[in-house]
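Just below is one structure, and these are the notes that go with it.
Please treat every number below as a calculation from the coordinates, not as lab data. As the structure is a prediction and not an experimental result, all values here were calculated from the model. We place every Cβ from the backbone using ideal geometry, glycine too, and count neighbours over all the protein chains shown.
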């Protein structure tokens, strides 16, 4: 594969999804990958409670450096159980993981009218949501 090829980008994207899903599983969350990717959902999380089961649609976006998160599709059509996970891959520093609930992601979703936009997640937004780590998400969902 040539550097930056579509195949390479897809491979990195799939590997990044697996890293995030594995981390969520290690934190005690019940996470599943869909068989097909026709709904812009990378994983489904199942959280049992005393009387029922809650399901969450997870979208994972992997970014090489501190950039705007691109190609977030139809965010305005998502349900309240949608969670966007942003994974910053670093070569020289520790990787970073953030999550945004639908209302938070919608506030940062920007770009021209249409179904594909960007989530503006720069330094001020990272600072604002710095507590929203995968560990925090697991603790919140599992009631720990």
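Using the C-alpha gyration tensor of region 99-144, what are the square roots of 5 times its eigenvalues, in whole angstrom, with the largest one first? Intermediate values should be presented prior to the final figure.
Values: eigenvalues 121, 34, 8 Å².
After scaling each eigenvalue by five and taking roots: 25, 13, 6 Å.
Run through the DSSP bridge list for the chain and note the antiparallel percent, rounded to the nearest 5.
Values: 20 of 27 bridges.
Antiparallel bridges make up about 75 percent of those DSSP assigns within the chain.
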Two-site label geometry, residue 18 and residue 37: point separation in nm, points 7 Å out along Cα→Cβ: 1.3
P(r) histogram, all alpha-carbon pairs of the chain included - 5 Å bins from 0, percent: 2, 9, 18, 24, 21, 16, 7, 2, 1, 0, 0
Length-normalised contact order of region 6-142 in % [C-alpha pairs under 8 Å, at least 6 apart]: 20
Label zone at residue 44, where the point sits 7 Å out along the Cα-to-Cβ direction: region 10-33 residues whose backbone N lies under 12 Å: 31-33
The chain: angle of helix 6-26 to the longest principal axis, Cα-based, in degrees nearest 10: 20
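Per 0.36 nm of contour for each residue apart, how much would the distance between residue 7 and residue 90 grow if the chain were fully extended, relative to their Cα-Cα spacing?
Details: separation 83, 0.36 × 83 = 29.88 nm, distance 2.04 nm.
Full extension of this stretch gives 27.8 nm more.
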